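The values are calculated or read from the model by the stated rules, or taken from the named source; none is laboratory data. Quick caveat: nothing in here was measured; it's all calculated off a predicted structure. Cβ atoms come from the backbone with ideal geometry, glycine included; neighbour counts cover every protein chain shown. Side chains included, ligands, DNA and RNA excluded: accessible areas come from the protein's heavy atoms. Shrake-Rupley method; radii C 1.70, N 1.55, O 1.52, S 1.80 Å.
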Amino acid sequence: MSSCFSREYRAHPIMILTHLKPVLFVLLIPVFKAAVQAAIHNKIDGLFLNEIILFAVIVLYAIIKWKKMSIKIMRGQFVINSGLVLTKSAVIDIDKISTVETIRTPWDFIWGSTTVRVNTEAGRIGKADHEFKLKKWDAAELLKIMNGSENKKTVKFSAIRVALMAAATSSSVTGIIVAVPVINQAGKLFGTAASEIIIKQINDVSMHLSRFIPPAINAVTIIFLASYTLSFLNSLLKSINFRVRFGDGRLEVSSGLIRRKKICFKTRAVNDVSIEQNPLMRLFGRYMINVEIGGYGNLRGEKAVLVPSAKRREVKTHFAIIFPDIYTESQPLHPDNKSRHRFFVIPVVLTAVIFTISALLYHNLTIFRDLILFLTFFAFFVMLYYFDLAVYNIKNSAISISDMIYAKYSRWTKTRELYCTAEKIGMIHIVKWPADKKRNTCNIRLTVRSEGSDSITVKHVAYQDLRRQIENVYKER
Amino acid sequence: MKTYTPPKKIIWVWALRSVVILIVIIFITMWVWFLAPYFGLVAYIAVLLTLAFNVLYLPMYLKHYSITVSNSAIVIKSGVIIRHERIMPIPRMVYAERVQTLFARAFSVSALALKATRAITLTLELDNRDIDSILEDLH
């Protein structure tokens, strides 16, 4: 973009409603006044007139506020003027912008508007630095200016791949969070106790499942399964039609069916890139690529998915094309050969604890024996997975510290490979347990410098070799 | 390297703000006076504190306040009893935002919000020309 380029955008008129929303509470003042009047004097005066006057005032306030808002791009800077009582004028170098995100909901489709979010690393976690609505064409033009030339390669991902990612990243808890307000609202709308109807349905289904799952568990299982399905559908609708465009050091990720979202950022704004696999993806031999970007906006964490689901070879190809500058130079360090048994310590201890508690409960609580057996089997399956992860860490965990950082380890239920440049590392934390003394090994935790402080831990690596690598990189700086 | 200090008219901006706050406090105190007579004491204390703030503390605070902009950093010095010196390296700064309230606009002064990763510093109001000059230096 040339330095003399200049363009000014006005906010979409729908922003009048956005400005109106936070001040609607003032309409309650005449109601309170009327309530006090009714209680003291047993009569109400001028309620309607007061409401009309106040409404006119706040509408006027919202219109002036909308009129005063402007978004300018000039001399390589982004200038956002906003506010009426408290005016703000933000001047942001375009180079300092982390991401520009556009969202089109069905509401936006009706009014021909687009929500635009501008994020920098200075913003608060979970909140966009600047959010406004522009006309559809203005938003498209703005995104084009921020996104550079049209000469970009596009990669599309099929619905099946997106579905696998949605299935792998969905959780019952998310489903419950989505479902509870919906059920409550539906109940209010139709004048029925929706929750009672749902409980009846759960009871009916659980009767059929009672042969396989203990009665005390099956209702809970059904709730979790139903919540998981809802979370899956929610995630699928948000992620379907997933495509990534890249070139000129910029990336554009777009997704969504009903709510279409586009986000663009420079590859330079990426703090770290990780190739991840969660339990379901491990089962199907698929991987996903996530990037962590400073100031990613009002999404959970600061992660953007670049490749939702692909085979190992495909992931490596995408990685090399999108991030040609990220590669590992030095030989990675692997866990010390004679410390490998230590990876099994936690799973073995946990299994022993589970076995002991289960045996005690089985012996003492005779009426809950079926339930205890079921839960014990479930816990053992989880522990089997953790034994598998321990084997994975023995075979695969690695760390390499040079100008490029590379680390590979498991985190909770996921396996993870992290890549970033040495300058993006905020903190290196080395821990030596008493057991590390004999073999002179250590655990290392790398924290990436960003709002969300992404981190990875690699265990039982040789301390001296690690120190040498760290000194080689950071002594020169 | 340029050093900026707040203009004298800032005192009037703060005096107006204090008066507005004072009116609100007195109004609330009068409203709840019937509950207990000693609520009136709150109004007297508020008046005394406002006077002390505007006549004694604010002029001294303004005297010790300065913003220095160099090629490498912005240094903000402030404080009367406890002195503060905040240094924000310019490469770490993400962007600056001009913030103006109604009273500040009437006196042609505005504050500056300096935003870096995980840190926001709001300066005291300076003359609009000084703010323009700082913004020009920063970008």
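Strands (runs of 3 or more DSSP E) fully within the range B:37-129 that include at least 1 residues being polar (S, T, N, Q), more than 17 Å from B:Val13 (Cβ to Cβ) and within 14 Å of another protein chain (Cβ to nearest Cβ): B:119-122.
Would it be correct to say that A:Val473 is open to solvent by less than 20 Å² (accessible area, probe 1.4 Å) and over 19 Å from A:Lys303 (Cα atoms)? In short, yes.
The selection criterion, being farther than 27 Å from A:Ile97 by Cβ and within 15 Å of the chain's Cα centre (by Cα), does not hold for B:Arg83. Can you find a residue in the range A:339-354 that is among the aliphatic types (A, V, I, L, M), touching a residue at least 40 places away in the same chain (Cβ under 8 Å) and open to solvent by less than 60 Å² (accessible area, probe 1.4 Å)? No, the conditions are met nowhere in the range A:339-354.
Quick grid of which residues meet (1) more than 14 Å from chain B (Cβ to nearest Cβ); (2) open to solvent by 40 Å² or more (accessible area, probe 1.4 Å); (3) modelled with pLDDT of 90 or more:
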| position | (1), (2), (3) |
| --- | --- |
| A:Asp95 | no, yes, no |
| A:Thr102 | yes, no, no |
| A:Trp107 | yes, yes, no |
| A:Gly112 | yes, no, yes |
| A:Val116 | yes, no, yes |
| A:Thr120 | no, no, no |
| A:Gly123 | no, no, no |
| A:Lys127 | no, yes, no |
| A:Phe132 | yes, no, yes |
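Scanning the range B:70-103 for residues that are β-branched (Val, Ile, Thr), open to solvent by less than 60 Å² (accessible area, probe 1.4 Å) and over 23 Å from A:Ile80 (Cα atoms) yields B:Val75, B:Ile76, B:Val80. The set of residues from the range A:437-458 being surrounded by 14 or more Cβ atoms within 10 Å (Cβ to Cβ) and in contact with a helix residue (DSSP H, G or I) (Cβ under 7 Å, 6 or more places away or on another chain) comprises A:Arg439, A:Thr441, A:Cys442, A:Ile444, A:Val448, A:Arg449. If I go through the range A:410-424 residue by residue, how many of them are open to solvent by less than 20 Å² (accessible area, probe 1.4 Å) and closer than 12 Å to A:Ile456 by Cα? Counting residues in the range A:410-424 that are open to solvent by less than 20 Å² (accessible area, probe 1.4 Å) and closer than 12 Å to A:Ile456 by Cα gives 6.
Taking first residues from the range B:7-31 that are under 17 Å from B:Met60 (Cβ atoms) and partners that are charged (D, E, K, R), the Cβ contacts under 7 Å between residues at least 6 apart in sequence or on separate chains come to B:Pro7/B:Asp127; B:Ile10/B:Glu125; B:Val13/B:Glu125. Among the residues making up the range B:130-139, a single one is β-branched (Val, Ile, Thr) and either under 15 Å from the mean Cα position of the chain (by Cα) or facing another protein chain (nearest Cβ under 8 Å) (or both): B:Ile131.
Only a single item in (1) of a type outside the set (A, V, I, L, M, F, W, C); (2) under 24 Å from A:Val307 (Cβ atoms); (3) away from chain B (no Cβ under 13 Å) is not met by A:Lys136, and it is number (2).
Output yes when any residue across the range A:383-401 is open to solvent by 50 Å² or more (accessible area, probe 1.4 Å) and in a loop (DSSP other than H, G, I, E, B), and no when none is. Within the range A:383-401, not a single residue is open to solvent by 50 Å² or more (accessible area, probe 1.4 Å) and in a loop (DSSP other than H, G, I, E, B).
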